[in-house]
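Structure, as structure tokens:
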Amino acid sequence: MPFHFKELTPYNPLVPKSTKYDIAILGAGPAGLAAAIYAARYNLKTVVFDAGCGRSTWFQKYENYLGFPGGVKATRLRELGRNQAERLGVKFHPDEPVERILPRAGGTHAVRSKRRTVTAEAVVIANGIEDVLPDFEESYEYEGKSMYWCILCDGHYVNGQSVLCVGKDADGVDLTLRLRQFTKRLAFTAEDFSKIPAWELGKLARAGIPAYEGTFKEVVGRPKGHVRSVTLALTGKSKKRYGAEKKLAVDAIFHRLGIQPYNDVAKRLKLRMDERGLIKVDPDTMETGVKNVFAVGDIRHDALHQLHSATYSATRAVIEINRRLYAKRFAIR
Ligand SMILES: Cc1cc2nc3c(=O)[nH]c(=O)nc-3n(C[C@H](O)[C@H](O)[C@H](O)COP(=O)(O)OP(=O)(O)OC[C@H]3O[C@@H](n4cnc5c(N)ncnc54)[C@H](O)[C@@H]3O)c2cc1C
């Protein structure tokens, strides 16, 4: 391992000690960590709160992120990012979700968790989202090991493999069709075909992809989280055609069942959001509708749901925050 964190000092002499911060960041995923590193390198006093959940806490290895030819585990990247930020003097409060952001006079904000309240000149919301996982026992054990949602991230893993796609609407059908770029061995399943337009299901039939209406009866994973086979309990026309059950040899599962944004704090602050619950921001600065509150990473309505876009948005936000603080503190008139 090329990193030796013991040698690094978590101290920046230019940053004063107090619970007044320049930037408070909600979330220690890739977006929040990138924001913290950029902020600290501007000598801005920075604090990061985290809840211990999020997309970057699953089992995946990132193989499309610059600088890691062999890939990097999501949890390892978080660890590296936190060490990099701590080395620059950033304060972390892990397992301490923020519950409220309370605007104060003059555009500053109080940020409150169960254990403490800090004040900050600017707040960066990097809370992320999570994906609704297929409904079978311990399905979380599979996410990132042999179960995925993102073609751009993980399509490459399933080149030539046997893939079962789980959907609930036209999006799921689209995901399945797009996977033809990687493999011919595809099948589709959904609990309720009546929610999927007939012409969409027709596309699967024309592409020669079998579609099964039903629920998961059994998933066999060996070793844990690495799917080998799936048995579906069939319903509707699928039951008439194939019988009560269908057992499929499966190397990987892709799902498109919706998202759960971590947007409680944003809701309490009445931030503008889209119909999925993702926060609307100014695309140049990442500022939300509330002054000096920014949103970065996957929680943004126009996010690409990639590490590069998460870190990019964090960079934009911190540059803007620093521009404002610089103007306030260092302007020469
Ligand atoms: C299986 C899988 C494979 C993937 N593969 C790739 C890939 O190959 N390449 C790629 O670029 N991307 C990939 N991604 C997507 C990538 O993980 C996300 O784009 C990235 O994690 C987004 O970063 P984020 O910081 O916005 O959100 P997250 O990583 O979700 O982090 C959000 C953080 O906010 C914290 N939080 C939530 N609520 C609060 C609160 N109230 N207070 C404080 N903290 C809070 C959470 O604990 C979490 O740590 C993959 C995702 C998954 C699930």
Å³ per residue enclosed by the Cα convex hull of region 89-181: 196
Sequence ranges 21-34, 271-284, ranked by mean other-Cβ count within 10 angstrom, highest first: 21-34, 271-284
Calculated diffusion of region 139-256, Stokes-Einstein form, Kirkwood radius summed over Cα pairs, 10 °C and 1.306 mPa s, µm²/s: 113
Rel. contact order, % - alpha carbon contacts under 8 angstrom, at least six apart, the chain: 18
By average C-beta atoms within 10 angstrom, highest first, the peptides 169-179, 106-116: 169-179, 106-116
Relative packing of 236-244, 297-305, 224-232, which averages over residues the other C-beta atoms within 10 Å, highest first: 297-305, 224-232, 236-244
Gap separating the Cα centres of region 237-299 and region 170-191, nearest whole Å: 19
Net charge, Val98 excluded, C-beta distance under 15 Å - Lys, Arg +1, Asp, Glu -1: +3
The chain: proportion of alpha-carbon pairs further apart than 39 angstrom, %: 24
Proximal charge balance of Arg272 [Cβ under 12 Å; K/R count +1, D/E count -1]: 0
Gain on full stretching of the segment that runs from Tyr157 to Thr117 - 0.36 nm per residue minus C-alpha separation: 10.0 nm
Sequence-distant residues sharing a close amide H with Gly289 (under 5 Å, placed H): Arg272
Of Lys195/Lys237; Lys73/Lys224; Lys224/Lys247; Lys20/Lys328; Lys20/Lys280, pairs whose Cα-Cα distance is over 24 Å: Lys20/Lys280
Sequence-separation-based contact order of region 139-256, relative, with Cα cut under 8 Å and 6+ spacing, percent: 32
Largest-first ellipsoid semi-axes for region 214-288, taking √(5λ) over the Cα gyration tensor eigenvalues, angstrom: 41, 17, 11
Low-density loop cleavage sites - GluC sites (Glu not before Pro) in region 133-235, where at most 11 other Cβ are within 10 Å (DSSP): Glu137, Glu138
Computed E for Glu63/Ala244 - FRET, C-beta separation, R0 41 angstrom, nearest 0.05: 0.55
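Here, each number is a calculation from the coordinates, and none is a lab measurement. Remember, predicted model here, so these are calculated numbers, not experimental data. Cβ coordinates were reconstructed from backbone atoms using ideal geometry, including for glycine residues, and neighbour counts include every protein chain displayed.
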